[in-house]
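Let me begin by presenting the structure, written as structure tokens, before commenting on it.
The values are calculated or read from the model by the stated rules, or taken from the named source; none is laboratory data. Treat the numbers as computed from the prediction; the structure is a model and nothing was measured. Here the Cβ positions follow ideal geometry from the backbone for every residue, glycine too, while neighbour counts run over all protein chains shown. The protein model used for the area step is the full one, side chains on, heavy atoms only, and it has no ligands, DNA or RNA in it. Shrake-Rupley method; radii C 1.70, N 1.55, O 1.52, S 1.80 Å.
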Amino acid sequence: QVQLVESGGGLVQAGGSLRLSCAASGRILSIVTMGWYRQAPGEQREFVAGISIGGITNYADSVKGRFTISRDNANNKAYVYLQMNSLKPEDTAIYYCNVDIVERGVQTNAWGQGTQVTVSP
């Protein structure tokens, strides 16, 4: 099992920046990808950014050039970060950390509890 804890959400004005962090603990050696999703009120959860174990990144078109995902390992935990710049009101959502796990050839995933990001006009 992998446990995820997010932090770093908050309220910011349009044009501002926030950095989200997610700490993964447990069977972190089984993690193959880490990423971020978001869900705005009344909307479906959507992909924001992902990073593979090899450091390959991909982004939703809506955040390319503004958001940067990165990952790190320290203190028996795996971390994934989302640096969000030039924030827009439409970035307002609950942001969820997600990891894909492969164990014995079976792929599963885990989700964090979510952190609220609110961007005011």
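Return the residues of segment 82-121 that are closer than 16 Å to Glu6 by Cβ, open to solvent by 10 Å² or more (accessible area, probe 1.4 Å) and among the aliphatic types (A, V, I, L, M); say none if nothing qualifies. Passing the criteria: Ile94, Ala110. Scanning segment 44-78 for residues that are touching a Gly at 6+ places or on another chain (Cβ under 9 Å) and open to solvent by 90 Å² or more (accessible area, probe 1.4 Å) gives a single hit, Ile56.
Scan segment 100-113 for residues that are over 18 Å from Ile51 (Cα atoms) and either touching a residue at least 12 places away in the same chain (Cβ under 8 Å) or in contact with a Leu (Cβ under 9 Å, 6 or more places away or on another chain) (or both) and jot them down. Give the steps one after another, and end with the answer.
Filtering segment 100-113 down to residues over 18 Å from Ile51 (Cα atoms) leaves 103-106, 113.
Correct list: Glu103, Gln113.
Remark: pairs (first residue in segment 80-92, within 28 Å of Ser25 (Cβ to Cβ) and without any contact (Cβ under 8 Å) to a residue 12 or more places away in the chain; second residue in a loop (DSSP other than H, G, I, E, B) and open to solvent by 40 Å² or more (accessible area, probe 1.4 Å); Cβ separation under 9 Å; 6+ apart in sequence or on different chains) are absent.
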